[in-house]
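The values are calculated or read from the model by the stated rules, or taken from the named source; none is laboratory data. What you see is a predicted model, and the numbers here were worked out from it, not measured in a lab. Ideal geometry is used to build each Cβ from the backbone, glycine not excepted, and the neighbour counts take in all protein chains shown. Note: accessible area is taken over every heavy atom of the protein model, side chains too, but ligands, DNA and RNA are not part of it. Shrake-Rupley method; radii C 1.70, N 1.55, O 1.52, S 1.80 Å.
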Amino acid sequence: MSTENGSANTNGNGEASAIKTYPVAPRLAEGAQPTPHVGPDLDSYKAAHAKSVGEGSDEWWAEQARKTLAWSTPFTTVRSGDFSTGNIAWFPDGALNVAYNCVDRHAFANPDAPALIYEADEPGSGRTISYGELLSEVCGLANVLKGLGVRKGDTVSIYLPMTWHAAAALLACARIGAIHSVVFAGFSAEALRDRVNDCECRVVITSDEGKRGGKSIATKAIVDQAVKECPKVEKVVVLKRTGGKVNWVEGRDVWWDEEIAKVPRFCPCEPMGSEDPLFILYTSGSTGKPKGVVHTTGGYLLCAALTVKYVFDVHPGDRFGCMADVGWITGHTYIVYGPLANGVATVIFESTPVYPTPARYWETVARHKITQFYSAPTAVRLLRRLGSHHVSGHDLSSLRVLGSVGEPINPEAWEWYNENVGRGQCAVVDTFWQTETGSIVVTPFPGAVPTKPGSATVPFFGHTPVILDAMSGKASALTFLLAVYLTSPQILEGNNVEGVLALATPWPSIARTIWQDHARYLDTYMKPYPGLFYTGDGAARDADGYIWIRGRVDDVINVSGHRLSTAEIESALIMHKGVAETAVIGASDELTGQAVYAFVTLKPEFSYDPNDEGALTKELVLQVRKVIGPFAAPKKIYIVPDLPKTRSGKIMRRIMRKIVAGEGDQLGDLSTVADPSIVDVIKRRVAGTL
Ligand code: WTA
């Protein structure tokens, strides 16, 4: 198949396909104003990338760190440690403060410049907060926290809706050296409770209510319920978001606005060691217990700042619009720390893409003249389905870069985004990264890298992705006897290869540990392929050396860009009194990328009305909503007499995955299934014939 630029092309499978290559977008092409940071072609990217890896790269990183950040104590060592010991450190003898870098230095230079553009749930009801105002709020809240006894190294949990105060809360913690743990406000009281207890914080910051899509959310009531079982929590700071009625626990609860009125609006910045923790963020892994991923100060902030600068080609005066929630890593890095470290304005979007109409994003872009727009494939697919007429007619001429993150973007969605939102003028950057990587890992560079819809293209500075033969070398319980492979994961060299994605060189924003569980950190990321960082994703490298991310190869699933663990959903279901066993799988879904399917067997003594199975499955869905949150609710639950298992009793999720995917006639060798008749039952249940 010939392509726009005339060369043969592949989709990463090594097969010729209809995938086109798009040259550098007109708004970033040679001669464009502002001049792109990296350009004008692939060679300029390659030359820049070469400096950031391998020999001599320490000097490159040192220069970037000095140019990009303000250090209170300059570093003399650039890095130390490696993957085999998991003791990675960057700029370890330097000191700096993240709030100083994100707020003070810009407030001193230009106090009236916009820092936060708060697009509240009701269109037109938000406001813009200048760097000067942000500094005042951050200092005030920092003093409030200090007054409540929070000190450097203490943890603070934050459970807030998407108001601009959320950014101030993160920065107030950073200012005084407290480690924040933001919990996405869609999590249930039980999930919040577990996360608060795991990091043993004494203070929780929340709001009376939240507002989203015209609906009120009883945020404080959820915190009240969670905190009942959090013995360490002494104080709850409550932001007045709606003024709605709340229950009040005297002595424990304090109002944000009342407390802040009592304290001075300046608070000195705590000098932090580059390797001091900045935050904990819980994410799902392949076991039931969420992992408290820990990011540190200097390296994290540097990569947050550099990726915003280079991946989104940010220039002074830009207005950066990341539509994520601050409760996830994308919100941390690309709503708060990255844009603010660059001194540009960042949008805090409280609403949904469809409230009050599916034109909401585009009205927002036009209203604030947003220059970079960063969203997820699930939103793009939804808006595409709802129709291009919602996009046309809005002035989107301010946009230069459109980003995508969270899951693979299908070429159709990419094309729609490019044509209807970008109008063929903008760079589309499909950015691959993870909570653990802290910042973008594989991505196009807007002024330099031609793009292919569906490919995240090339590594960011400092990264050396490698593709491993999926069948070799993984040090798991199953393969440990094959000791010969343990030290030699098979790296697939060259192009046209497919396998498991690992990262070969440590980068500054890599997570340093899992909170209070360094062994799990080593086991999860460092041990599977010794000497490399294991991503858990499958990937291919095509004939041009471009990377295509295929999705998770472990038990993590991705629903609307939300990362969920099948084991976590299984543990939620098993807590129901009637459930004996359960298997949760992810199946592809046109809109949400993947959807959760659950197979459940019941305890023999549990009785229910088989004619009203719907009542029971509803109860089970509620169970998941209660233990994790609404976003983890299974799309479909099947009650079955048994699950397909091996003779040793291991549940064969592969079989259920294939059946749900409509590949029930390609199950392959079933000789290891203990009771093959159950496979037929499951097929019929899924087909609706039983
Ligand atoms: C997936 C979100 C394909 C991937 C920043 C990864 C992607 C997981 C992409 C991390 C992309 C993220 N293309 N897949 N551009 N970006 N993923 O920790 O499976 O919430 O491992 O971080 O999302 O999800 P997390």
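Averaged per residue, what accessible surface does region 249-382 expose to a 1.4 Å probe, in Å²?
Details: 3470 Å² over 134 residues.
With all protein chains present, region 249-382 gives 26 Å² per residue.
Sort 309, 240, 369 by heavy-atom solvent-accessible area, probe 1.4 angstrom, most to least.
Working: 309 50, 240 95, 369 115 Å².
Of 309, 240, 369, the descending order of accessible area is 369, 240, 309.
Which percent of the Cα-Cα distances in the chain go past 39 Å?
32
Before anything else, pin down the relative contact order of region 553-690: Cα pairs under 8 Å, at least 6 apart, normalised by residue count, whole percent. Write down the numbers at each step before the final one.
Details: 212 pairs, mean separation 28.1, N = 138.
Result for region 553-690 is 20 percent.
What share of all Cα pairs of region 568-620, in percent, falls into each consecutive 5 Å distance bin?
Final binned percentages: 4, 18, 26, 22, 15, 9, 4, 1.
Starting from the residue with the highest accessible area, list 228, 235 in decreasing order, probe 1.4 Å.
Details: 228 165, 235 55 Å².
Ranking 228, 235 by accessible area, largest first, yields 228, 235.
With the full set of protein chains in place, find how many percent of the accessible area of the chain is carbon and sulfur; take the probe as 1.4 Å.
Values: 13700 of 25770 Å².
Of all accessible area on the chain, carbon and sulfur atoms account for 53 percent.
Sorted by packing (mean other beta-carbon atoms within 10 Å per residue), highest first, where do 600-608, 128-136 land? It would help to have the intermediate numbers written out before the result.
Details: 600-608: 13.6, 128-136: 20.7.
Output ranking for 600-608, 128-136: 128-136, 600-608.
So which cysteines in the chain don't have a second cysteine's C-beta under 4.7 Å from them?
Lone cysteines by the Cβ rule: 102, 173, 199, 201, 230, 269, 303, 322, 426.
Note the full-extension length gain between residue 425 and residue 218 as 0.36 nm times their separation in residues minus their Cα-Cα distance, in nm to one decimal.
Details: separation 207, 0.36 × 207 = 74.52 nm, distance 4.23 nm.
The residue 425-residue 218 span can extend by a further 70.3 nm.
Averaged per residue, what accessible surface does region 199-242 expose to a 1.4 Å probe, in Å²?
Numbers: 1890 Å² over 44 residues.
Value for region 199-242: 43 Å² per residue.
Distance between Cα centroids, region 53-117 to region 219-276: provide it in whole Å.
Taking the Cα centre of each part, region 53-117 and region 219-276 sit 30 Å apart.
Among 100-106, 438-444, how do they line up by average Cβ neighbours within 10 Å per residue, starting with the highest? Don't skip to the end; give the middle numbers.
On the way: 100-106: 24.1, 438-444: 29.0.
Output ranking for 100-106, 438-444: 438-444, 100-106.
For the chain, what does -39500 (n - 2.57) per DSSP helix run (n ≥ 4), summed and divided by total residues, give at 222 nm, in deg cm²/dmol to the nearest 500?
Helices in the chain give a 222 nm mean residue ellipticity of -7500 deg cm²/dmol.
Could you check how many percent of all C-alpha pairs in region 520-598 are farther apart than 17 Å? Intermediate values should be presented prior to the final figure.
Working: 1840 of 3081 pairs.
Here the long-distance tail beyond 17 Å is 60 percent of all Cα pairs in region 520-598.
With the radius of gyration and the Kirkwood radius both derived from the Cα set of region 237-282, what is their ratio Rg to Rh? List each step's numbers first, then the result.
Values: Rg = 15.6 Å, Rh = 14.1 Å.
Using only Cα positions, Rg/Rh for region 237-282 is 1.11.
Which value, in debye to the nearest 20, gives the size of the charge dipole of the chain about its Cα centre, when Lys and Arg are +1 and Asp and Glu are -1 at the Cβ?
Details: 67 positive and 74 negative charges, 181 e Å.
Charge dipole, the chain, about its Cα centre: 860 debye, nearest 20.
Taking every Cα atom in region 309-394, find the radius of gyration and the maximum pairwise distance Dmax, and write them in Å.
13.0, 36
Please sort 682-690, 295-303 by packing, taking for each peptide the average over its residues of neighbouring beta carbons within 10 angstrom, highest first.
Numbers: 682-690: 14.1, 295-303: 28.3.
In descending order of packing, they fall as 295-303, 682-690.
Quick check: pseudo-label points 7 Å beyond the Cα along Cα→Cβ at residue 681 and residue 517, how many nm apart are they?
Reported label-point gap for residue 681 and residue 517 is 3.4 nm.
Provide the per residue accessible area, probe 1.4 Å, for region 484-592, rounded to a whole number of square angstrom. Don't skip to the answer; put the middle values down first.
Working: 3940 Å² over 109 residues.
Accessible surface, normalised per residue, equals 36 Å².
I want to check the label-to-label distance for residue 80 and residue 670. Put each point 7 Å from Cα in the C-beta direction and report it in nm to one decimal.
With each label point 7 Å from Cα toward Cβ, the separation is 5.9 nm.
I'd like the accessible area for residue 146, computed on protein heavy atoms only with a 1.4 Å probe and all protein chains in place. Round to 10 Å², please.
Approximately 70 Å² for this residue.
Measure off 7 Å from each Cα along the Cα-to-Cβ vector at residue 255 and residue 648, then give the distance between these two points in nanometres to one decimal.
Placing both labels 7 Å beyond Cα along the Cβ direction yields 6.2 nm.
Order 71, 416 by their accessible area, 1.4 angstrom probe, all chains in place, largest first.
Details: 71 45, 416 20 Å².
Result of the area sort, largest leading: 71, 416.
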